[in-house]
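First comes the structure, then the notes that go with it.
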Amino acid sequence: MTPPGEVTWGTSVDVTCSISTQHVGGTFTLQKTSGSFTKTQSSSSKSATFNIQRVNFDHEGFYQCQYHTTVSTRAFSSPQSDSLRLSVTGKDKNHAPPQLNTTCCQNNTDRHKLHGRI
């Protein structure tokens, strides 16, 4: 992965998947282990580079690669790669959202203040 492991919010990142095989000409799949992010790319070599643009906190997590190829009409798939963690930095994701404050009165005697987040 370029850069390794950590990327700034709003920038792009390249993830390179590679395999040591004599059977080139297959398809690489990059998948986030949680969620629905999946990218597929055909390759005539032993690697493929996936570009993720405008990275945000939804991209943070673990990713795995898998290689698929066909040899003499037989389909083969590699095991999933080890997980690679993508960490997103550079924007304050811990910034508290605005507070919702509501005051309600009943007969001017009962006052309740509700605090919540939106």
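Just so it is clear, none of the values below were taken in a lab; they were calculated from the coordinates. None of the values given here were measured: they were computed from a predicted structure. Here the Cβ is made from the backbone with ideal geometry for all residues, glycine too, and neighbour counts use every protein chain on show.
For this structure, a couple of remarks:
- Total formal charge among the other residues, if their Cβ is under 12 angstrom from that of Phe28, Lys/Arg +1 and Asp/Glu -1: +2
- Rg/Rh for the range 6-91 (Cα atoms only, Rh after Kirkwood) is 1.03.
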